[in-house]
1. Could you please give the count of residues in segment 244-279 that are among the hydrophobic types (A, V, I, L, M, F, W, C) and under 18 Å from THR219 (Cβ atoms)?
2. Condition first: closer than 23 Å to GLU277 by Cα, buried (at least 20 other Cβ atoms within 10 Å of the Cβ) and in contact with a Phe, Trp or Tyr (Cβ under 7 Å, 6 or more places away or on another chain). Can you find one or more residues in segment 136-144 that meet it?
3. Residue under question is ASP218, and the condition is that it be under 20 Å from the mean Cα position of the chain (by Cα), more than 24 Å from GLY137 (Cβ to Cβ) and touching a residue at least 40 places away in the same chain (Cβ under 8 Å); does it hold?
4. So, in segment 88-134, exactly how many residues are open to solvent by less than 30 Å² (accessible area, probe 1.4 Å), small (Gly, Ala, Ser) and within 26 Å of CYS57 (Cα to Cα)?
5. Determine, yes or no, whether ALA122 is among the small types (Gly, Ala, Ser) and over 18 Å from LEU154 (Cα atoms).
6. Looking at ALA196, ALA173, which one is open to solvent by less than 40 Å² (accessible area, probe 1.4 Å), modelled with pLDDT of 95 or more, over 17 Å from PRO70 (Cβ atoms) and within 19 Å of the chain's Cα centre (by Cα)?
7. Can you name every one of the helices (runs of 4 or more DSSP H) wholly within segment 223-313 that holds 1 or more residues which are crowded, with 17+ Cβ neighbours inside 10 Å and of a type outside the set (A, V, I, L, M)?
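The values are calculated or read from the model by the stated rules, or taken from the named source; none is laboratory data. Note that the coordinates shown come from a computational prediction; the quantities given were computed from them, not determined experimentally. Virtual Cβ from ideal backbone geometry, glycine too; neighbours counted across all protein chains shown. Just the protein is used for accessible areas: all its heavy atoms, side chains included, with ligands, DNA and RNA removed. Shrake-Rupley method; radii C 1.70, N 1.55, O 1.52, S 1.80 Å.
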Amino acid sequence: MNKINSLFGIQYPIIQGGMVWCSGWRLASAVSNAGGLGLLGAGSMHPETLREHIIKCKAATTRPFGVNIPLLYPQIDEIMAIVAEEGVKIVFTSAGNPKAWTGWLKERGITVVHVVSSSRFAVKCEEAGVDAIVAEGFEAGGHNGREETSTFCLIPAVRQATKLPLIAAGGIATGEGILAAMALGAEGVQIGTRFALSSESSASDAFKNYCLSLGEGDTKLLLKKLAPTRMVKNKFRDAVEVAEDRGASVEELRLLLGKGRAKKGIFEGDLDEGELEIGQISSIISRQQPVAEIMQELIESYQHTVNKRFDWL
């Protein structure tokens, strides 16, 4: 049992990312039932929708699961109240100041983990009293840090900056990747893209199939003036690139993005006008699999790599 297994009471130190429009109760419960930690993605749920998913997740698994909450969520008070009322024991927070809610959550017996993109923010998390940190590299899908630091550079830097339990994220989708993260100082990993493209993900099949066909270089970090987001090539992304190349203002980009663009792309499957968010590691994933099969492959490839001889010295 390492620090992450002990902290969450799970069999394997593998956390499923709480991704918008992908991470409903089916995905979260499947990951938890397979020995990892499933997370519900509150960022794409109305408060009562989140309550429904928590209730269904509790019915689908007896194992630990949590909720990922972006701290900039407009109805954050309602979301936090529901989490406490429904007895959720683990909360991952992101996109905001960890000091805002960490104390409140811990007073209610909830384990708190915050997502960071730099060692500077990791130190602030430790000061805020969080129980663990997710350090997410530039390779990750969706909203990303402004620092554009890769996972292999970020993990050792955060490890030097804090003694808190450390979870690596960004560009990890294989057992080999898990071992590499551990070698750099992480005690666990958070995997987003591979689970986003799983059978239990609530993303549309059109989105999944498109992402499963991607090659190297087919994702790009854009909207840096607004909120850096890794996106897949499509008609909407082309419009964003044209706007950014001519120096569009934050307000112009906000108008271009509009509302519900990620839902349109990820959940509804509009491959032209939707905002399609996925990580760089999608280029090595070519088929949709059930969560149980993914977890088995991760564990087996990790063990195989641990036992492998590297005759380079």
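1. Here is the first cut: in segment 244-279, the ones among the hydrophobic types (A, V, I, L, M, F, W, C) are 248, 250, 253, 255-257, 262, 266-267, 271, 276, 278.
Now narrow it down to the ones that are under 18 Å from THR219 (Cβ atoms): 257, 262, 266, 271, 276, 278.
The number of residues fulfilling the criteria is 6.
2. So in segment 136-144, the residues closer than 23 Å to GLU277 by Cα come out as 136-144.
In the following step, the residues that additionally are buried (at least 20 other Cβ atoms within 10 Å of the Cβ) were identified as 136-144.
From the residues that got through so far, the ones that are in contact with a Phe, Trp or Tyr (Cβ under 7 Å, 6 or more places away or on another chain) too are 144.
Yes, segment 136-144 has at least one match.
3. Details: under 20 Å from the mean Cα position of the chain (by Cα): yes; more than 24 Å from GLY137 (Cβ to Cβ): no; touching a residue at least 40 places away in the same chain (Cβ under 8 Å): yes.
So ASP218 fails the test.
4. Residues flagged as open to solvent by less than 30 Å² (accessible area, probe 1.4 Å), small (Gly, Ala, Ser) and within 26 Å of CYS57 (Cα to Cα) within segment 88-134 amount to 2.
5. Values: among the small types (Gly, Ala, Ser): yes; over 18 Å from LEU154 (Cα atoms): no.
Taking the combined requirement at face value, the residue does not satisfy it.
6. Details: ALA196 fails: over 17 Å from PRO70 (Cβ atoms).
That would be ALA173, the only listed residue that is open to solvent by less than 40 Å² (accessible area, probe 1.4 Å), modelled with pLDDT of 95 or more, over 17 Å from PRO70 (Cβ atoms) and within 19 Å of the chain's Cα centre (by Cα).
7. On the way: elements: 235-245, 250-257, 291-306.
Where helices (runs of 4 or more DSSP H) fall fully within segment 223-313 and carry at least 1 residues being crowded, with 17+ Cβ neighbours inside 10 Å and of a type outside the set (A, V, I, L, M), they are 235-245, 291-306.
Per-residue answers, yes or no, for (1) in contact (Cβ under 8 Å) with a residue 40 or more places away in the chain; (2) in contact with a Cys (Cβ under 9 Å, 6 or more places away or on another chain):
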{"position": "MET19", "(1), (2)": "yes, no"}
{"position": "ALA30", "(1), (2)": "yes, no"}
{"position": "HIS53", "(1), (2)": "no, no"}
{"position": "HIS114", "(1), (2)": "no, yes"}
